[in-house]
Amino acid sequence: MSARSLSILVVAPALGPLGSGKAGGVELTLTSLVSGLLARGHQLTVVAAEGSRLPPSCDGAALLAEAGAPQESCQHAPRASDVLMPAEGLLPRLWQRALREPCDLVLNLGYDWLPFWLTPLVEVPIFHLVSMGSVNQAMDAAIAEVARWDQRRLAFHTATQAADFALPQPPVVVGNGFDLSAYDLCLEPESLLGWVGRVAPEKGLEDAAAAAAQLGQRLAVWGLVEDPAYAQRVEASVPPGTLDWRGFLPTAALQAQLGRCRALLNTPKWNEAYGNVVVEAMACGVPVVAYRRGGPGELIQPGLNGWLVEPDQPRALAEALERVDQIDRRQCRQWVERQASRAVLAERLEQWLEAGLMGKGR
Ligand code: UDP
């Protein structure tokens, strides 16, 4: 329990309703963060798109819904793209609502220019848990501007992610947190490989597919198909039957299937900020073979919970998969219990927010 109870207003990404998968890993981050902070005695309100659903672990939080046209995710546009907002946009509505509600602080989970720009201009302290590395020049500038003004308002998931930005001070790194009771440890896998993520080019599914094809093994794929043309290209790149498309599943169903895998492949083409799916697999006892790039490069301890290989080398993935049975599946789970539980995340967040409330903006 914390020293004092804070009234915290969490603003969700303006990409779509919570529960739809449109906001990728941020949806799970939001759920963990809300339930973890509730458990520490804080009051939580979530401002999110109409149609959002929160899981039972967040029952103590209020949900305020707003309608409006969603933002496009900015990682799919060129780096030099302008900041865009649709007519009747959801993003300004979320922020109008957030700034009207009384609270001790606002915690932003959206990767958008508007809330960063607003931060030094408003009385209420706005904090940002930055969810991606650098993908857009205007966002780089907006994040750097807040950092110059008062970097205590910023936290990152990993040091590798934070290194993308111009920060005057060492970053606050909070990792991420998972409800361990939602994932069952599975000690008897099938001869199946797994891949989980939004099906979009930055996630590099084609390399995992190539490694599976090289070994003649089936690769189960879970996740929202964000880019159907890309999904078709990947399907056509390997022998029919290599990929077993399983769609986007809620966590309970996902973990039950994922736990049966011999290994998870994680093959990002970008500086993955964290890599929720890496830790979710480990929570089920599934070792992870990933590129040494972005967050997964920090989460995987080679030989303990998986293997890291040089980026963009599908052959190296296939070689590492041959060694995956050396990993003790219990160790994978234990790593998550030590490093990435919901309680661990909530404590780190609380320390960050308490320190930031003593900052310049007050
Ligand atoms: N996910 C899910 N069901 C699926 C596939 C994925 O709930 O069938 C979730 C997964 O639990 C994870 C998120 O999608 O929280 C993907 O997050 P990650 O950090 O790996 O990548 P992002 O999409 O944020 O880039």
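Some observations on this one:
- Helix-derived mean residue ellipticity, 222 nm - over the chain, DSSP H n ≥ 4, -39500 (n - 2.57), to 500: -10000 deg cm²/dmol
- Across the range 150-190, Cα-Cα pairs more than 13 Å apart make up 62 percent of the total.
- Carbon and sulfur %, accessible surface of the range 94-232 computed with the full protein complex present, 1.4 Å: 52
- Averaging the Cα positions of each part gives two centres, and for the range 148-177 and the range 291-362 these lie 17 Å apart.
- What the Cα atoms of the range 171-286 give is an Rg and a Dmax of 14.1, 46 Å.
- Comparing Ala281, Ala87, Ala213 in a Gaussian network model of the chain (Cα springs below 10 Å), the most mobile by mean-square fluctuation is Ala87.
- When you work out D = kT/(6 pi eta Rh) for the range 221-289 at 37 °C and 0.692 mPa s, using the Kirkwood radius from C-alpha pairs as Rh and the Stokes-Einstein form, the result is 247 µm²/s.
- Rounded to whole Hz, the Karplus (6.51, -1.76, 1.60) HN-Hα couplings of the range 308-325, x for glycine and proline: 10, 10, 4, x, 6, 10, x, 5, 5, 4, 4, 5, 5, 4, 5, 9, 6, 6
- For Asn108, the residues whose modelled amide H falls within less than 5 Å of its own, excluding neighbours fewer than 5 places apart on the same chain, are Val11, Phe127, His128, Leu129.
- Reported value for the range 1-69: 70 Å³ per residue, from the convex hull of its C-alpha atoms.
- Remark: C-alpha extents of the range 158-237 on the principal axes read 48, 34, 22 Å, sorted largest to smallest.
- Principal axis dimensions, the range 222-353 - Cα atoms, whole angstrom, descending: 48, 31, 28
- Size of the range 25-161 from its Cα atoms: along the principal axes, largest to smallest, the extents are 41, 33, 29 Å.
- Taken over the alpha carbons of the chain as equal point scatterers, the Debye sum produces base-10 log I(q)/I(0) values at 0.07, 0.11, 0.14 Å⁻¹ of -0.29, -0.72, -1.17.
- Global form of the range 281-362, assessed from the alpha-carbon gyration tensor, a/c cut-off 1.5: oblate
- GluC sites (Glu not before Pro) restricted to DSSP loop in the range 1-92 with at most 14 other C-beta within 10 Å: Glu50, Glu72, Glu88
- Packing order of peptides 133-141, 267-275, highest average first: 267-275, 133-141 (average count of other Cβ atoms within 10 Å over each peptide's residues).
- Here the peptides 75-85, 171-181 are ranked by packing, the mean other Cβ count within 10 Å, and the order with the highest first is 171-181, 75-85.
The values are calculated or read from the model by the stated rules, or taken from the named source; none is laboratory data. Source: prediction; values computed, not measured. In this analysis, Cβ positions are derived from the backbone assuming ideal geometry, glycine residues included, and neighbour counts consider all displayed protein chains. When the accessible area is computed, the model is the full protein with side chains, heavy atoms only, and any ligands, DNA or RNA have been set aside. Shrake-Rupley method; radii C 1.70, N 1.55, O 1.52, S 1.80 Å.
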